[in-house]
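Some notes on the structure that comes next.
The values are calculated or read from the model by the stated rules, or taken from the named source; none is laboratory data. For clarity, every value in this text was computed on a predicted model and none was experimentally measured. All Cβ positions, glycine included, derive from the backbone under ideal geometry; neighbour counts span all protein chains shown. Note: areas computed on protein heavy atoms with side chains; ligands, DNA, RNA excluded. Shrake-Rupley method; radii C 1.70, N 1.55, O 1.52, S 1.80 Å.
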Amino acid sequence: MIQKKLEAVIFDLDGVITDSAEFHFMAWKKLADKLGIYFDREINERLKGVPRMDSLNIILERDSIPDRYSQEEKEALANEKNDDYVDLIKTITPNDLLPGISNLLHDLQNRKIKTAIASASKNASMIVERLQAGHLFDFVADAGAIKNQKPAPDVFLVSAENISVPPENCVGVEDAAAGIIAIKAAGMVAVGIGDKNILKGADLVLPDTAALTYEVIQEVFG
Ligand code: BG6
Ligand code: MG
């Protein structure tokens, strides 16, 4: 039997490591406004953790004409959003790590606890590079190579496998409802960052990353 011991913390990226979730919102809002489709922060919550095309389809649910766009047109719209998003993330610097994250990552590294990024974003590597944080992670998952997206557990399981840690010895950290479901489905302890009414099912929800320390993670791990 494997001894239960905290061996790894697997992080979502957007909205957990840096505030790129806000850039996703801004880029989608620009596209929705251009298309004349209503879009607000409540709808945006449903986009968190969800792949690009699925996010576009959620936005298009509010279009006055259903199925207005062909698959090809939708791909062009998703690319347009991504171009705007990439322009926004080009402004990211190492100062954009969210509060407490730099200390936490160094603390985990000193304690020989492994770390990974399990993001649904195809831009994850670019963001990690802009943050100059690559050396603080043992693995960054490639969203393009993941079969089933969140809320499926795949990206968390693939990350755990790549750092050679059994899922039951991992804690996952997420700001998206779909992400919390994915972490629990992977058999890991889940820490949510944000609103506890949205992140139902998490083992612990913190209002922001400032409160996310090794001690807190160890305590919820039990
Ligand atoms: C997730 C975000 O991390 O990545 C989602 O929470 C986003 O909002 C998804 O849609 C895909 O990102 P990208 O960069 O590949 O369009
Ligand atoms: Mg997120």
Practice problem: Using Cα centres only, tell me the gap between region 1-24 and region 44-105 in whole Å. | Solution: 19
Practice problem: Compute the Cα gyration tensor for region 90-222, then decide on rounded, prolate or oblate, letting a ≥ b ≥ c be the square roots of its eigenvalues: rounded whenever a/c is under 1.5, prolate when a/b is larger than b/c in the other cases, and oblate in all that remain. | Solution: rounded
Exercise. For n ≥ 4 DSSP H runs only, could you compute -39500 (n - 2.57) per run for the chain, divide by its residues and tell me the 222 nm figure to the nearest 500?
Key: -12500 deg cm²/dmol
Quiz item: So for the chain: antiparallel DSSP bridges make up what percent, rounded to the nearest 5?
Solution: 5
Quiz prompt | Solvent-accessible area per residue for the chain (1.4 angstrom probe, square angstrom) | solution = 49
Quiz item: Roughly how big is the chain's charge dipole about its Cα centre, with Cβ charges of +1 (Lys, Arg) and -1 (Asp, Glu), in debye to the nearest 20?
Solution: 340
Quiz prompt | Residues listed by number, region 96-132, amide nitrogen under 11 Å from TYR214 label point at 7 Å toward C-beta | solution = 104-114
Practice problem: May I have the count of lysine pairs in region 1-133 with C-alpha atoms under 17 Å apart, counting pairs 8 or more residues apart or located on different chains? | Solution: 17
Quiz item: Sorted by average packing, counted as other Cβ atoms within 10 angstrom per residue and highest first, what order do 111-118, 35-42 take?
Solution: 111-118, 35-42
Quiz item: Shape call for region 10-49 from the C-alpha gyration tensor, a ≥ b ≥ c root eigenvalues: rounded (a/c under 1.5), prolate (a/b greater than b/c) or oblate?
Solution: prolate
Self-check item: Mean Cβ count within 10 Å, highest first, over the residues of peptides 71-79, 207-215, 46-54
Solution: 46-54, 207-215, 71-79
Exercise. For the chain, find the longest principal axis of its Cα atoms and tell me its angle to the long axis of helix 101-110, 0 to 90°, nearest 10.
Key: 40
Quiz item: Against the longest alpha carbon principal axis of the chain, how many degrees, from 0 to 90 and to the nearest 10, is the axis of helix 20-35 turned?
Solution: 10
Practice problem: Could you rank the peptides 182-195, 124-137 by their average count of other C-beta atoms within 10 Å per residue, with the highest value first? | Solution: 182-195, 124-137
Quiz item: Taking the Cα centre of region 152-218 as the origin, how large is its charge dipole in debye, to the nearest 20, when only Lys and Arg (+1) and Asp and Glu (-1) carry charge on their Cβ atoms?
Solution: 160
